[in-house]
Structures are given as structure tokens and as C-alpha cells.
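A short reminder: the numbers here are calculations on the coordinates, not readings from a lab. Everything quoted here is computed from the prediction, not taken from an experiment. Glycine also receives a Cβ, built like all others from the backbone with ideal geometry; neighbour counts cover every protein chain displayed.
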Amino acid sequence: MSDEKDDLSLSALFWEVRRRLVADEAIPLAGNIAFRIVFSAFPFLIFLTALAGLFGNAVWAEQVVNFLLSVAPEALVKPLAGEVRSILTVQRSGLAGIAAFLTVWSAMGGVDSVRVGLNRAYNLTDQRSIWVLYAIDVLFVIGTAAILLVMAVLIVLFPVGLKIIASTTGGLPAALTQVDQYRYPFALILLTAGVYAAHRALPAKRLTWREVLPGVLLTVITWIAMAAGFSFWLLHFNSFASTYASLSGVFAAMFFVYMAALLLILGGELNRVLQLVRQHRLEKSQRQHDDDSSVSD
């Protein structure tokens with residue numbers, strides 16, 4: 001960033017973020033993230049169902065998946081919904097053994113790729129040991145699964161609680177006691193929390209919430225717009241079916257995740273540019289203060 005620039009206009013900020021996105025090779029990096037996330041999605045669902053079984057209620061995992069499928073673009077998830085739900089019908093005795101290790105290891109791949117992408121966006125070099133990185137990836141996978149299971153409990157308890165309140169106070173319309181009324185707000189909160197957690201927990205440097213918030217909001221907003229646009233395109237101009245035949249659902253999902261990964265990196269690039277702007281302003285203010293002090297002396 002040029003030292004002559006005190007501030008960046010909105011258009012200049014956009015072009016600076018775009019320049020850094022290209023310079024950091026975000027396009028091939030997003031492809032790597034997309035492949036590893038799609039590759040790890042089914043192992044993660046296996047881990048989720050096994051973890052739910054440990055708590056004595058394997059239906060929780062099915063509730064989570066049904067919720068996620070209900071808020072995702074229908075044209076995108078419809079070809080994969082049957083395969084996803086078939087994962088939930090397989091009985092799993094627990095998380096012990098080599099199979100469980102491979103399941104968690106595969107799920108870690110997506111998290112690790114996101115970590116690398118965010119480090120590149122923030123211009124950070126990871127000096128942490130490989131064991132620390134493995135621990136972070138494992139904890140992120142377990143934490144994500146635990147949060148989803150908690151959300152499954154809330155999906156069940158929330159409408160029940162509203163019905164109890166409505167029956168005792170008479171102050172709630174019956175329509176508000178249906179969980180369908182809240183699935184999109186729930187999904188938005190979950191999406192924002194997930195992106196925020198990735199920016200705070202995965203990079204090599206602990207960033208404050210003020211430093212990550214602009215990029216988080218940019219990612220969430222552009223994801224929502226992309227999901228709507230991509231869904232419309234699949235319904236009206238879909239070329240995946242004619243190009244990839246029976247594999248069209250898989251490639252459509254991978255392309256969608258690829259674009260989502262690119263927008264996630266874009267959020268990190270925006271935060272990095274804003275950091276440089278703040279740093280430049282601080283340095284200019286300090287130089288001005290030093291110059292004023294020299295003149296007064």
C-alpha cells in the first residue's frame with residue numbers, strides 16, 4: 001500500500017483487496033479448500049452421528065442434517081440429499097478404533113485448508129508446531145460437531161418452550177411456536193458464528209473481534225447473495241447436468257464450496273487491508289506528533 005495514501009475510497013479499497021486476492025494465489029488455494037471440504041464432509045457427518053450416539057440420542061445428528069438441508073439452496077442439495085441421509089442410517093458403535101481416527105483425520109483436512117487460506121490472507125507465517133496445529137484442527141472439528149448437536153437440542157426445545165409460554169400467558173400467536181419460522185435466523189446466526197470462529201481460532205495470530213468483523217460480515221453477506229444467485233442459475237441455466245451427467249450434483253456442490261472458499265479468503269484480505277490502513281494512519285499521526293514536538297522545541 002502506497003505511503004502517499006492517507007485513506008482509501010470504497011473503489012480503491014475494492015481494487016486493493018482484489019489485487020491482494022490475486023497476489024496471494026487465492027484462486028488455486030480456494031480450489032484446494034473446496035476439494036478438502038467436500039472430501040471431508042461425509043466423514044464429518046459420520047463423526048457427528050457417532051458423537052450423537054455417545055450421548056444416547058442418535059436422532060440429534062439427523063435433526064441437524066435435516067435443518068442444514070432445509071436452509072441450503074434446494075437445487076444444490078437435492079441431488080446429494082439422499083446420499084447424505086443414507087449416512088445417518090448406518091449404525092455406528094462409537095468413536096474408538098482406526099476407522100474413527102481416519103474419520104476425524106479426514107474431517108480435519110477441511111479445517112486445515114481454511115487455516116492455511118486465512119493465514120495467507122492475513123500475511124501470517126505459522127510457526128506453531130505440527131502437534132499444536134493438529135490439536136487446533138481436532139478441537140475445531142469436535143467443537144463444530146458439539147455446537148451442531150446443541151443446536152439440534154434447541155431445534156427441539158425452542159418450539160416446545162414457546163408453546164409453554166403461549167399456553168401460560170396467551171401472548172404468542174400459534175404460528176410463532178413453529179420452528180420453521182426460525183430456521184433462517186438460526187442458520188444466519190450459525191453461519192456468522194462459524195465464520196467468526198474460523199477467523200479468531202485458526203490464524204497464526206490471535207486477532208481481536210474488531211479486526212475480523214468487517215471480513216466476517218462481508219463473507220456472510222456475499223455468501224447469502226451467492227447462494228440465491230447460484231440457486232437461481234441451477235434452476236434456470238444449469239449446465240452441470242448436461243456436462244457431468246450423474247456426477248452433476250457433486251460438481252455443482254464442489255463449485256459452490258469453491259466460490260464460498262474464495263469469498264472466505266476475500267474476507268480475510270479485506271481485514272488485512274483495513275489493518276494496513278489503520279497502521280498507516282497511526283504512523284502518520286505519530287510522525288505528525290513528532291514533527292510538532294520538534295517545532296515546539
Worksheet item: How long is the gain from Leu13 to Ala225 if the chain were fully straight, where each residue apart is worth 0.36 nm and the alpha carbon distance is subtracted?
Response: 74.3 nm
Worksheet item: Rounded to the nearest 0.05, what FRET efficiency do Ser86 and Trp131 have when you use their Cβ-Cβ distance and R0 = 30 Å?
Response: 0.25
Practice prompt. Provide the net charge surrounding Val138, with neighbours chosen by a C-beta distance below 13 Å and charges set as Lys +1, Arg +1, Asp -1, Glu -1.
Written response: -1
Fill in: Integer Hz, Karplus 6.51/-1.76/1.60 couplings in order for region 188-201, x for Gly and Pro
5, 5, 5, 5, 5, 5, x, 5, 4, 4, 5, 5, 7, 9
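Just order 218-231, 30-43, 9-22 by mean Cβ neighbour count inside 10 Å, highest at the front, would you?
Values: 218-231: 16.2, 30-43: 19.7, 9-22: 14.1.
Going from most to least packed, we get 30-43, 218-231, 9-22.
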Practice prompt. Just add up the charged neighbours of Val84: K/R +1, D/E -1, any other residue whose Cβ is under 11 Å from the Cβ of Val84.
Written response: 0
Practice prompt. Would you calculate the separation in nanometres between label points at Ser285 and Phe251, each defined as 7 Å from the Cα along the Cα-to-beta-carbon direction?
Written response: 5.3
Item to complete: Quickly rank 127-133, 80-86 as a protection proxy: mean count of other C-beta atoms within 10 Å, highest first.
Response: 80-86, 127-133
